[in-house]
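Down below is the structure, laid out as structure tokens.
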């Protein structure tokens, strides 16, 4: 049975009828906010988050408390600071943040206020994927209720601290998942990534100190404030050195696709075979992506690995968002990868040449292979592209992420690619 002690993120989630302010307050809602503002200094909140070993749930896994600690504080720090929630959830196969925002909008709002208190931010923005219309409606309603109750606005709970929170819906670009491209878009600019340094914590939104965190990351903060770092670390039940629970999911041709809050380090096999019920009848698992489209494929023999950052990295992939996509034995891997690369090519911001030109080239080669019209040397070209578009060769991580499924597919399923090379016509050759 779900409870606040075992499933803090989802025990209050109700997609059909999310809790209003009174219902949320009846289930410990805004208790963490009152504790933080009445009993803790801003630095105390940052410390407990750091002690809890909360790592970012957006894909990179960077320690949240460490990120917050980079923000200038004290009398000499800029008075205008921003907290931005990255809710631009456009990674193919990922839908965990939508669950939290639609099912428990007040949890998201409280998380933004508590985190803003730690940073002494003056304004907050939830940068939301534009297609999440229901989430936008529910979040705006929750913000209005919180403001009417005195949890937002001027002199919150008599502390003298003022904070405003807004929902900003994006225009539908995958690149806005990159934090600096998101900030450019929020400023009304073209969504191109920025050069770093300076990092957003020093000079972010409109040149002011800014922290950008993922939805799931932030939603953990009120629970950590209420129950402490030791409790949070115990949620993983010894399955991983990474702390807390994790929203894991399964998409693809499994019996029960969905999203579940489980101890960090739960195995991929448990996810697929227990929670998702295994593959659909007549299908076998061919391979799987551990955390969205921009991760390397893993094989059935990797299913017993713990789904945490370090374990999946050692296996040659990335945990990413932790929502796995399964590929069955009836699917042609060339078609699967071509479909992914088409998406990445379309979503390139065009800022740097390797990404702008290399991804369409990748897609073109794969499309020819898919149609059985590949030419000798095409696989070598694809391998060359995985290097030219790899880490350190492009302005941001978009193209390197796009290369991960391709390079792993070439590694594990080279024979399928070779079978797509067109055979010379014997009559023409004669």
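Only the coordinates and a few stated rules stand behind these numbers; no lab work does. Bear in mind the structure is a predicted one, so any value in this text is a computation, not a measurement. For neighbour counting, all protein chains shown are included, and Cβ atoms are generated from backbone atoms with ideal geometry for every residue, glycine included.
Table for the structure above
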{"item": "Per-residue [θ]222 nm for the chain (sum of -39500 (n - 2.57) over DSSP H runs n ≥ 4, rounded to 500)", "result": "-11500 deg cm²/dmol"}
{"item": "Whether region 23-163 is rounded, prolate or oblate, judged on the alpha carbon gyration tensor where a/c under 1.5 counts as rounded", "result": "oblate"}
{"item": "Burial ordering of 194, 356, 57, fewest other beta-carbon atoms within 10 Å first", "result": "356, 194, 57"}
{"item": "Cβ-based exposure ranking for 98, 269, in which fewest neighbours within 10 Å come first", "result": "269, 98"}
{"item": "GNM result for the chain, Cα springs below 10 Å: residue of 392, 130, 204 fluctuating most strongly", "result": "392"}
{"item": "Dimensionless Rg ratio for region 245-328, taking C-alpha atoms and the 2.2 N^0.38 Å reference", "result": "0.94"}
{"item": "Euclidean distance of C-alpha centroids, region 83-106 and region 401-420, integer Å", "result": "31"}
{"item": "Prolate/oblate/rounded call for the chain, Cα gyration tensor, a/c under 1.5 rounded", "result": "prolate"}
{"item": "Tensor-based shape of region 279-363 (alpha-carbon gyration tensor, a/c under 1.5 rounded, otherwise prolate or oblate)", "result": "oblate"}
{"item": "Order of 396, 352, 176 - criterion: other Cβ atoms within 10 Å of each residue's Cβ, fewest first", "result": "352, 396, 176"}
{"item": "GNM flexibility winner over the chain from 45, 365, 211 (Cα, springs under 10 Å)", "result": "365"}
{"item": "Most mobile listed residue (400, 197, 18) in the chain, GNM with C-alpha springs under 10 Å", "result": "197"}
